[in-house]
1. List, in order, the whole-Hz ³J(HN,Hα) value for each residue of the stretch 79-93 obtained from phi through the Karplus relation with A = 6.51, B = -1.76, C = 1.60 and θ = phi - 60°; use x for Gly and Pro.
2. Positive end of the dipole of the stretch 6-176, charges at C-beta (+1 Lys, Arg; -1 Asp, Glu), about the Cα centre: which of A96, G129, V71 has its Cα farthest in that direction?
3. What fraction of the DSSP beta bridges in the chain is antiparallel, stated in percent and rounded to the nearest 5?
4. Filter the GluC sites (Glu not before Pro) in the stretch 68-135 down to the DSSP loop ones having no more than 12 other Cβ atoms within 10 Å, then list what survives.
5. Pick out, in residue order, every one of the trypsin sites (Lys or Arg not before Pro) in the stretch 144-180 that is DSSP loop and has at most 16 other C-beta atoms within 10 Å; say none if there are none.
6. Taking amide H positions as placed 1.01 Å from N in the peptide plane, with prolines and chain starts having none, which residues 5 or more places from R172, or on another chain, fall under 5 Å of its amide H?
7. Relative to the Cα centre, what is the charge dipole magnitude of the stretch 1-145, using +1 at the beta carbon of each Lys and Arg, -1 at the beta carbon of each Asp and Glu, and rounding to the nearest 20 debye?
8. Let me confirm the definition first: pairs of Lys residues in the chain, 8 or more apart or on different chains, C-alpha distance under 23 Å. How many are there?
Amino acid sequence: MKPVDQSLQSSIRTIPDYPKAGILFRDITTLLGDPRAFRRAVDELVHPWAGSKIDKVAGIEARGFILGGAVAHQLSAGFVPIRKRGKLPHDTVRIAYSLEYGLDEMEMHRDAIAPGERTILVDDLIATGGTAEAAVKLIQGIGAEVVAAIFVIDLPDLGGAKRIEALGVPVRTLVAFEGH
């Protein structure tokens, strides 16, 4: 899906050369701190599924927890945290995925989502899509349906949204930063 709201872009801070030279970091903490922008972003993320049966919303650590919790509340759905390995206290399912500098792993509680449950994946930003792709596969691996993957920010030049759509999962984003 194409971004729906370029006006939210002004509530997102850009930090040059973070975490390393040449990177323009898109910081949503300014959006989260602005009550109107935060509310509007959550409303826009939820809109296509309002009134639908969504069982769970899964949020990717850490900003996906903030957005995902708000989205789950609006949809009257349960919330599921997807975290880095070793951060969850109960029996987990885990997936390894590639990063630009090596491998990482993420996990969720084995009993957090039941097979067949309709789930929406949430994070703040989609760039190359590696983390989101791993999260989709983690959820699908237990037999749940990923209804959509939703993000405030898309960096379309990096191709992450297309990578998720290639898995058969619709992507919704609110703001695009061309040229990242």
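1. Karplus values, whole Hz, x for Gly and Pro: 10, 10, x, 10, 10, 5, 3, x, 9, 9, x, 10, 4, 10, 10.
2. V71
3. Values: 14 of 36 bridges.
In the chain, approximately 40 percent of DSSP beta bridges are antiparallel ones.
4. On the way: sites: E100, E105, E107, E117, E133; in loops: E100, E117.
In loop regions of the stretch 68-135 (DSSP not H, G, I, E or B), the sparsely surrounded GluC sites (Glu not before Pro) are E100.
5. Working: sites: K162, R163, R172; in loops: none.
Counting only loop positions with at most 16 other Cβ atoms within 10 Å, none of the trypsin sites (Lys or Arg not before Pro) in the stretch 144-180 qualifies.
6. Under 5 Å from the amide H of R172: A149, I150, F151.
7. Values: 18 positive and 19 negative charges, 30 e Å.
With only Lys, Arg, Asp and Glu charged at Cβ, the dipole is about 140 debye.
8. Qualifying lysine pairs in the chain: 9.
We did not get these values from a lab; they are worked out from the coordinates using the rules stated. What you see is a predicted model; the values in this text were computed from it and never measured. Glycine also receives a Cβ, built like all others from the backbone with ideal geometry; neighbour counts cover every protein chain displayed.
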